[in-house]
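Each remark here refers to the structure printed beneath this line.
The values are calculated or read from the model by the stated rules, or taken from the named source; none is laboratory data. Predicted model only: the values in this text are computed from it and were never measured. Methodologically, a virtual Cβ is constructed for each residue, glycine included, from the backbone with ideal geometry; neighbour enumeration extends over all protein chains shown.
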Amino acid sequence: MMTDSKSISVNIRPENLLARLERLPMTRSLILMRVIVGLATLFDGFDTLAIAFVLPVLIGQWHLAPAEVGAIISIGYIGQLVGALFFGWVAQRWGRLNSLLITILIFASMSFACIYAWGPIALMVFRFIQGIGTGGEVPVASAYINEFIGANKRGKFFLLYEVLFPIGLMMAAVAGYFVIPAYGWQAMFIIGAIPAVVTLPLRFFMPESPRWLISQGRIAEATAIIERLEREAEKAGQPLSPVQEDVCIAQSTTKAKEEKGNWTELFSSFYRPRTLMIWVLWLAAYMINNGLATWLPTLYKTVFKLPLDTSLFYSSCTQAFGVAASILCAFYIDKVGRRKWYIAAFSLSIIPLTIMSVMGVVSPTQAWFFCTLVYACLQTITFSLYLYSAELYPTRIRAIGNGFGSAWLRLGSAAGPMIVGNLVAAGGISSVFSVFAGVAFIAAIVCWRFMIETKGRVLEEISP
């Protein structure tokens, strides 16, 4: 059904619009949207890890103690926790695009402010505010991307966008290796300010999420966006399959009319098991991976006495393997399934962690090899959790659910560096791997017992 008439558009049933949205092929607009949002996410990843490569320099310049290093790393994640919770609510009330605009402005401007940090306290203040922007952008962006794509291609489409986050992490590692020795630590934060210049003008080429508009009763606006995408597909010679309305979609839209999205629904009898399960996965995966990633450059330099450039090179290689594993996951997770993949990844990570815990780590090469195995396995989870988390909730609470879930990402990311710092000071590096092996074991059990499979299922079918 195609029409430009607003008076007719407002009479179209929401379930018909959702069915039309599900059948859309990969149009140029959808790919452009992924690129624009992906650029912001790329620099989110860059800013998240940039501090890990700045700290080995600042330790000498500012004479930082291990506790101060852990605090500087963790404060950014605490800010991200605040941003994830607050902007999940903003995105539900005011729309996905308005939230993205504000978050990009915050994290890019604070990256620029970090250039002028004169000591650890100033850097922590700037990193905290920057974290608010970063913490808000990623969960809102993931909800936005998920809401455009049909069930059969959602995993691959979304993860090829989300892989830009680990690429941003790798860029931080590469920039740290080449840029810091040549231009100083401030150059890392100058690079981190780039998205404000690049992505903010492009944001005006993106449409609002039709699913969010439908949930707000703004049917005419949603219809106009879907019709434009349909026309674009037909003009490009991409035939549209017949509209197939699903009973699950109809039930979901009926329920959306009856219920306003509220955070308390996350703890309803239907969604509570999903909520608690996804919180454990967020916490465990990011506690381990960010604990390792943010401390490895410093550990190479302080524990194994490697030169700065060698420490940064080792860490860059770890990030490169994380990106490779993420790309592999993007192409195969729709075939393997979320549940099987997560069980395998957590289980495999236990092996090198246990080896390092029992046998100890006697050389930087050994530490690099085993830590890279762990990081690569868990990176496939950390970068795809936004996909899985968004699939577990309906449109009316998707951004809120993503925000609350990723708040545990921030807690895990804040706890990981602190755990590493305190355990290294108190019991040595082997105790770190013992704790992380235990966390991975618990997460594997939770995956096996509580995860539901979402591959190939319409969002409204998974989450009524």
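A few comments on the model shown:
- Taking the range 439-458 as the range and being part of a helix (DSSP H, G or I), surrounded by fewer than 15 Cβ atoms within 10 Å (Cβ to Cβ) and not aliphatic (A, V, I, L, M) as the test, the residues that pass are W448, R449.
- Scanning the range 95-149 for residues that are among the hydroxyl-bearing types (S, T, Y), surrounded by fewer than 24 Cβ atoms within 10 Å (Cβ to Cβ) and either at pLDDT below 85 or within 15 Å of the chain's Cα centre (by Cα) (or both) turns up just one, S109.
- Restricting attention to the range 67-84, the residues that are under 13 Å from P139 (Cα atoms) and surrounded by fewer than 20 Cβ atoms within 10 Å (Cβ to Cβ) total 1.
- Comparison of F450, F433, F441 shows that the only residue that is modelled with pLDDT of 85 or more, under 30 Å from L55 (Cα atoms) and not small (G, A, S) is F433.
- Boolean, R211 is touching a residue at least 60 places away in the same chain (Cβ under 8 Å) and closer than 16 Å to N16 by Cα: yes
- Of the residues making up the range 358-370, not a single one is under 30 Å from P210 (Cα atoms), part of a loop (DSSP other than H, G, I, E, B) and not acidic (D, E).
- The range 308-339, residues that are among the aromatic types (F, W, Y) and in contact (Cβ under 8 Å) with a residue 12 or more places away in the chain: F313, Y314, F321, F331
- Some residue of the range 187-210 being modelled with pLDDT under 75, out of contact with any Pro (no Cβ under 9 Å at 6 or more places or on another chain), among the aromatic types (F, W, Y) and assigned to a helix (DSSP H, G or I): yes
- Residues of the range 435-449 satisfying the condition of being in contact with a Leu (Cβ under 8 Å, 6 or more places away or on another chain) and among the aromatic types (F, W, Y): F436
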